[in-house]
Structure formats: structure tokens, C-alpha cells
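Just below is one structure, and these are the notes that go with it.
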Amino acid sequence: MSLSELLRLTGASGDEEQVRAYICRALQATDVDVAVDNIGNLIATKNAPPGTPMPTPRIMLTAHMDEPGMIITSIHSSGMLTFKPIGALDAATLLGSHVLVGDKGIPGVIGGKPIHRLQESERRNIPRMDSMMIDIGAADEKDAATLINIGDYAVFAPASGSWNLAGTLHGKALPSRVGCAMLLKVLALELPVAFTAVFTVQKEVGLRGAQVAAYRINPDIALVLDAHPAQDFPGVDAHHQEAMLGAGPVLNAGDNLGMDVPLTSWLARVAATAGIPVQWQAKPQLKRETSVMHTTRTGTRTATLGLPCRYLGSPYQMMSQSDIDYAQQLITDALMRLAKGESLPC
Amino acid sequence: MLNLLTALCNAWGPAGAEQQIRALIAGYAQAHSTEVQTDTLGNLIVRQGTPGGKRIMLSAHMDEIGLMVTFIDDDGFLRFTTVGGVSPAVLYGQPVRFADGLTGVVHCEKLNDIKDLKIERMYIDIGAESKAAAEERVAIGDMCCYHQSLRQVGKRVVGKALDDRVGCAVLLSVMQQISQTPYDIYYVFSVQEEVGAHGAKTAAFAIEPHLGLAVDVTGVGDTPNTVPLAMKLGAGAAIKVMDRSVICHPKVRGLLDSTAKDKNIPHQVEVLPYGGTDAGPIHTSRAGVPSGAVSIPTRYVHTPGEMVDLSDVQACIDLLTAFLTTKCSW
């Protein structure tokens with residue numbers, strides 16, 4: 001298993017099969033029980049080693065497999081493809097982006113009205129997504145129809161060649177695949193605690209996989225691995241700069257409107273004990289998988305470990321390797337504390 | 001009633017940090033029930049009545065709106081975000097209080113135009129002379145609420161957090177009134193209503209009620225040049241028809257309405273074209289729960305000067321007490 005392989009996979013919301021199959025293979029030769037539920041979540045159950053003392057609360061960890069993408073809505077007479085976004089895309093970053101369309105991964109580029117033909121007012125504004133089309137170089141509609149079906153997905157093409165400057169990761173689908181890689185690492189550890197790791201589907205379109213998975217598993221505690229929008233760009237007011245790359249995972253006190261401040265504070269204390277830097281933040285408006293899981297059935301204690309990520313919704317996102325390493329350590333430490341029967345504050 | 005209402009309203013408890021208000025309510029509830037429990041999300045659930053009877057869930061939320069600290073600047077000023085529906089115009093100049101009693105005042109950067117008044121440009125001043133001094137008292141993620149005591153003005157009271165401590169007071173009073181009931185009653189003092197009625201959702205799942213009732217405040221149309229609403233202060237308990245979260249079950253409405261008529265309890269019809277209550281998540285819990293709401297007409301909701309009429313509060317107590325002690329078929 002490698003993160004770079006995960007990052008090359010295609011997996012828009014509702015079309016996660018490549019990612020799911022990859023993770024299934026990675027878990028094949030292990031002692032982890034793997035199942036796929038009706039909506040496509042991959043549920044990996046890690047049993048505690050025999051003779052493990054003390055029952056622990058039922059623990060669920062999640063990372064989502066899907067990435068934002070596009071869906072083809074029509075083929076224009078010119079052979080260009082109209083599309084609608086699947087999940088949140090940043091329109092300002094789309095023009096000129098390379099995409100892969102359909103199961104065969106037909107390469108294309110997102111095009112728009114030529115710059116010479118833009119009105120003065122259009123030049124000043126970010127172009128609207130519905131004015132853009134995907135250009136696969138087809139001669140006309142008939143030509144395009146030999147390769148493309150309406151309803152095909154398109155995703156950003158993986159960056160050609162990876163660069164890794166001073167521990168910085170770069171590419172598409174980082175929020176999803178970094179979380180998946182971290183979960184696989186946790187599953188590979190021999191910890192004296194049972195837990196369920198869920199690789200969820202359709203997070204980007206409404207947290208749907210996490211919702212049904214939490215209903216099935218009915219956990220006492222759910223921890224989510226996901227990106228947190230980094231705001232550390234020059235020119236942003238100091239009091240709005242948050243989630244700096246390289247300053248550690250983000251613990252969000254007001255996560256998801258679910259507001260499990262005591263559990264999040266507990267994670268901060270676990271981090272402090274181990275010397276793990278965290279960025280303590282308050283951003284209640286952020287929708288996370290915890291948003292739906294904490295009100296599942298009779299309620300679940302939930303928290304998110306956020307990985308600062310720049311340029312969300314664009315084809316070139318950026319994360320820091322040290323944030324990922326710290327988050328990995330924090331989740332392991334938290335599991336160890338729960339294994340020892342530490343009770344959570346409420 | 002006034003003493004109870006004063007204690008509840010003056011207590012501290014924004015959404016997500018209901019520990020203080022929960023402990024206070026639990027203290028009152030323990031006099032009337034031996035089954036007082038706190039669930040996973042922090043809802044306080046009090047059971048009373050006849051086990052095996054039809055389960056009725058009454059829900060009043062104990063959380064209030066508030067602010068959460070997001071950033072502490074070099075001079076010790078706190079930037080914040082809102083927890084629930086907080087208007088910048090109402091907030092400007094208001095005193096606020098933190099969990100440990102620390103107080104501050106909300107103010108704003110210099111504005112060229114009052115239209116530029118946005119939460120992003122406001123800050124809390126706790127009187128700290130430096131960042132270090134501020135950090136000794138508060139941390140990012142700490143919450144504060146309006147700091148205002150309940151006052152009586154004529155037949156009415158004015159204060160913060162009447163939304164929905166007045167509902168909590170109604171539930172506690174009903175609990176005190178009832179000695180015999182054919183029902184298995186669950187009084188839920190719910191958490192996190194102000195950020196999306198989260199507590200009522202999980203409580204309803206756990207209780208599986210046969211009938212659900214929210215007890216919450218509602219808007220009124222009896223102030224100068226305001227939105228046209230039929231509800232008004234002093235006209236009795238408001239029996240909800242709908243809001244944005246629920247269309248009340250006709251049978252529940254009908255039962256409340258006939259109870260009020262039979263017992264000559266002042267009541268009015270409530271149609272609220274905005275807002276939601278705990279009845280929203282209750283009525284779609286599991287396979288569905290016939291639900292309704294009894295509301296306390298309230299002026300200036302989500303300000304530190306919310307106003308209710310004590311006669312309306314009494315009408316709500318009378319209506320619910322009568323409803324819960326009368327066996328009827330549904």
C-alpha cells in the first residue's frame with residue numbers, strides 16, 4: 001500500500017470502486033474482517049488480540065474514499081462536454097485543469113470562452129462553472145459519443161510526477177486518500193483494542209456513507225480523519241488565519257455543530273501528554289462526518305482530527321507530512337488510552 | 001414560578017456546554033422523580049408516571065445561544081464565532097459571561113457605515129491587558145452567553161435565555177403538579193437545539209415515544225411594524241400548527257385544542273413561518289411519532305431582552321397538566 005498509489009486512483013462520490021478495491025487488496029492478507037455495506041462503505045473490523053482485558057467502548061474510525069468531481073450532463077454539438085460538479089469544486093481553479101472522463105479515463109481539459117472574447121466585466125470576475133465545458137478533443141458530437149456517455153464521471157487527473165518539497169504533499173484527492181492511508185496504518189498496528197475502521201462513500205455530496213455506517217455499527221465513540229481548510233494565506237487577517245500547514249492536526253472545538261467539546265478537549269490533553277502539537281480551533285459551521293454520526297440512534301461521542309489542507313476543491317491541494325505524522329500518532333495514542341479503560345469526560 | 005424562572009434564565013449554558021444548567025435542572029427534578037438520567041449527548045431525561053402506559057415525550061431545550069472564542073490577539077482581545085442565531089446588531093455593546101463567571105463586553109472595529117457591522121469585525125473585551133493575561137482566563141473554543149438578569153416588568157418578565165428556559169420551567173412545573181397519570185412521561189431537557197435540534201433527535205430514538213410534544217418559545221406579531229403573526233403576549237398557550245421543522249399531527253393539535261376548551265384554558269393558534277423546534281426531529285424519529293408543540297409567545301427572541309407574559313406561562317402549565325392527566329384515546 002502506498003499513498004502515492006491511492007492518490008492516482010479515480011473515485012468521485014458514488015464511484016468509489018477503484019479505491020475500495022485497492023483497500024480490499026491491501027487488507028487481504030491481514031487479520032482484519034472486511035465487509036462492504038449496501039451503500040458501498042468498506043467496513044474493516046479489527047478484533048482485539050486474544051486475552052485482551054477490559055471491554056472498551058465501541059470505537060469507530062472513518063475516512064472517506066470519495067473525491068469531488070464532475071458528472072457529464074450532455075454532449076454539445078461541438079463535441080465538448082457539459083458537466084455539473086459532484087461535491088464542492090472551486091470554480092476559480094478549474095479552467096485549464098486536466099481531467100479524466102468515464103471508466104476508460106479519457107483525458108480532457110476544462111475549457112471556457114477564449115480570453116480574447118471576454119467582456120471587460122467577465123475578465124474581472126471568476127468565470128461561472130456552467131460556462132465551462134470539458135474538451136476531449138473530439139471533432140463533433142458523434143465523435144465524442146463513441147467515447148463518452150452522459151452520466152459518466154470526470155475527476156481531476158493525478159499530477160504528473162510528484163514533488164515533495166520540504167515534507168509537503170501535493171495533488172488531487174488529498175483529503176480523502178491521506179485519511180484512507182492513515183486508517184490502513186492504524187489497522188496494521190497490533191493494539192490491545194478492538195475497533196471498526198470505515199472507509200466511507202459519498203462524503204462530498206452530503207456525508208451519506210458515514211450516516212448509514214454509524215447506524216449499522218452504533219459506536220460509542222467515532223473519530224473522523226479529514227482535511228481542514230487551511231487559511232494561512234498572506235493577506236488574510238491575523239484573526240482569520242487558521243489551520244496553518246505544519247503546525248499540527250486541527251482539533252475543532254465546535255466541530256460540525258455537534259459540539260462535543262469535552263471529547264475534543266480530551267484529545268488535546270492526549271496530544272499534550274505526548275508532545276504532539278495541535279491547532280485548537282473553533283469553527284462550528286464546518287460540516288464533517290461527525291455532523292451526522294453524533295445524532296445517530298441514541299447519540300455518539302464524536303470528534304474530527306483535521307489535517308490542514310490548502311486549495312480544497314482544486315486539482316492541486318497541499319498538505320504537510322508532519323501534520324499527517326502527528327495525527328497518526330495522536331490517533332494511536334487515543335486508542336491506547338481507550339484500551340486502558342480511560343473514561344471520557346462529559 | 002418567578003423564582004424558578006429567574007434561576008433557570010440566569011444560569012449559564014450555551015449549546016454544547018450545558019453542564020451547569022443541567023445540574024441546576026436535575027436538582028429541581030429529583031424532588032419529583034427517582035428516574036433522572038443524562039444520556040450520551042447530555043440530554044437530561046426525567047421519567048414520571050405509569051410504566052407500561054403510552055410513552056409521551058415532552059421536550060424543552062436547556063441550551064441557549066452564545067459565542068465561541070476563535071482567536072486571541074496580541075492585545076488580549078477575543079475574536080469569536082456564533083453558536084446558534086446571534087445577530088451582530090443585537091450583540092453590539094452587550095456584556096457577556098463565560099462558564100467560570102468571567103465577564104466581558106462585545107464591541108466592534110471602527111465602521112464607516114453601520115451596514116458593515118459583521119461578526120467578523122467584532123471582538124470581546126475581557127479587560128485583559130495582554131495576550132498572556134487573556135490566555136490565563138480563556139482558551140480558544142471557550143463559550144460565553146449574554147449576561148443579563150431576569151427582571152419583572154408588570155405581568156411580564158424580560159431577560160436572556162427565556163428561549164427556552166421558560167419551556168424548562170413549564171416542564172418542571174408540570175412535573176410538580178402531576179401526582180397521577182395514565183401515561184409513561186419522559187421530560188427531556190434537551191441539548192444543542194440552537195444549533196440544529198440534535199439532542200431531541202437522539203432522545204426520541206432512545207425513548208420511542210407514542211406521542212411527542214415540544215415546549216418552546218414562539219414569535220409574536222404584536223409589536224410596532226413587525227411581521228404579521230397572529231400570536232400575541234397574554235393571549236394564552238400557543239398550540240402549534242406548523243413551523244419550518246414540523247407540521248403538527250392533526251390529532252395532537254386536536255387533543256390539545258379540545259383539552260384547552262374543556263378546561264377553559266386561554267389558548268391561541270400558532271403558525272410560525274420560520275424557525276424550528278425539537279418537534280422537528282421527534283416526529284421523524286424511527287418509524288414516525290405523532291407530534292405537536294405547546295409554545296410560549298415571546299417577544300424579541302434571541303436577544304438579551306426576551307419578554308414573556310407570566311399568564312401565558314401559567315396557561316401552558318395548565319394545558320399540559322390537564323392533557324397529561326386525562327386519559328384519552330388516539
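Derivation of every value follows stated rules applied to the coordinates shown; laboratory data play no part. Keep in mind the model is a prediction, meaning the values are calculated, not measured. We place every Cβ from the backbone using ideal geometry, glycine too, and count neighbours over all the protein chains shown.
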Average projected area of the Cα convex hull of the protein assembly as shown, in nm²?
-> 34.2 nm²
Note down, for region B:146-199, the three equivalent ellipsoid semi-axes (square root of 5 times each alpha carbon gyration tensor eigenvalue), biggest first, whole angstrom.
-> 25, 19, 6
Here the gain from full extension of A:GLN28 to A:ARG58, 0.36 nm per residue of separation minus their alpha-carbon distance, amounts to 8.4 nm
For helix B:250-262, what angle does its Cα long axis make with the longest principal axis of chain B, in degrees from 0 to 90 and rounded to 10?
-> 80 degrees
Determine the distance separating the Cα centre of region A:294-346 from the Cα centre of region B:236-251; give it in Å without decimals.
-> 40 Å
Work out the P(r) tail for region A:69-156: percent of alpha carbon pairs separated by more than 21 Å, whole number.
-> 26 percent
Residues A:ARG297, B:ARG79, A:ARG128, sorted so that the one with the fewest Cβ neighbours within 10 Å comes first | A:ARG128, A:ARG297, B:ARG79
What number, rounded to the nearest 500 deg cm²/dmol, is the helix-based mean residue ellipticity at 222 nm of chain B, given -39500 (n - 2.57) per DSSP H run of at least four residues and division by all its residues?
-> -8000 deg cm²/dmol
Candidates per chymotrypsin sites (Phe, Trp or Tyr not before Pro) in region A:269-326, loop by DSSP, up to 10 other Cβ within 10 Å | none
According to the Kirkwood expression over distinct Cα-Cα pairs, how big is the hydrodynamic radius of chain B, in Å?
-> 20.2 Å
Between the alpha-carbon centers of region B:12-54 and region A:92-151, tell me the distance in whole angstrom.
-> 58 Å
Relative contact order for region A:40-120 using alpha-carbon pairs under 8 Å, separation at least 6, rounded to a whole percent?
-> 15 percent
Helix-only mean residue ellipticity at 222 nm for chain A, each DSSP H run of n ≥ 4 adding -39500 (n - 2.57), per residue, nearest 500 | -7500 deg cm²/dmol
Calculate the length of the line joining the C-alpha centroid of region A:188-230 to that of region B:259-284, in whole Å.
-> 38 Å
If N is the residue count of chain A, its Cα Rg over 2.2 N^0.38 Å rounds to 1.04
Would you mind checking the tilt of helix A:174-188 against the longest principal axis of the Cα atoms of chain A, expressed as 0 to 90 degrees and rounded to 10?
-> 30 degrees
Just counting partner chain Cβ atoms within 10 Å, what average do the residues of peptide B:193-200 show around their Cβ?
-> 3
Counting only residues 5 or more places away or on other chains, whose amide H sits under 5 Å from the amide H of A:VAL99 once H atoms are built in the peptide plane?
-> A:GLY108, A:VAL109, A:ILE110, A:ALA157
Tally Lys/Arg at +1 and Asp/Glu at -1 over every other residue whose Cβ is under 11 Å from the Cβ of A:THR62; what's the total?
-> 0
Sites B:LYS263 and B:VAL153, calculated FRET efficiency, Cβ-Cβ separation with R0 25 Å, nearest 0.05 = 0.30
Using the count of nearby Cβ atoms within 10 Å as a rough guide to exposure, how do A:PHE233, B:PHE98, B:PHE80, B:PHE189 rank from fewest to most?
-> A:PHE233, B:PHE98, B:PHE80, B:PHE189
Between B:GLU208, B:GLU193, B:GLU135, find the one with the highest GNM mean-square fluctuation for chain B; connect C-alpha pairs within less than 10 Å.
-> B:GLU135
Identify all lysines with a Cα-Cα distance to A:LYS113 below 18 Å; exclude those on the same chain that are fewer than 8 residues away in sequence.
-> A:LYS84
B:PHE77, B:PHE323 arranged by Cβ crowding within 10 Å, fewest neighbours leading = B:PHE77, B:PHE323
Cross-link reach from B:LYS261 to aspartates and glutamates, straight Cα distance under 18 Å and at least 8 residues apart if same chain, gives B:GLU270, B:ASP312, B:ASP318
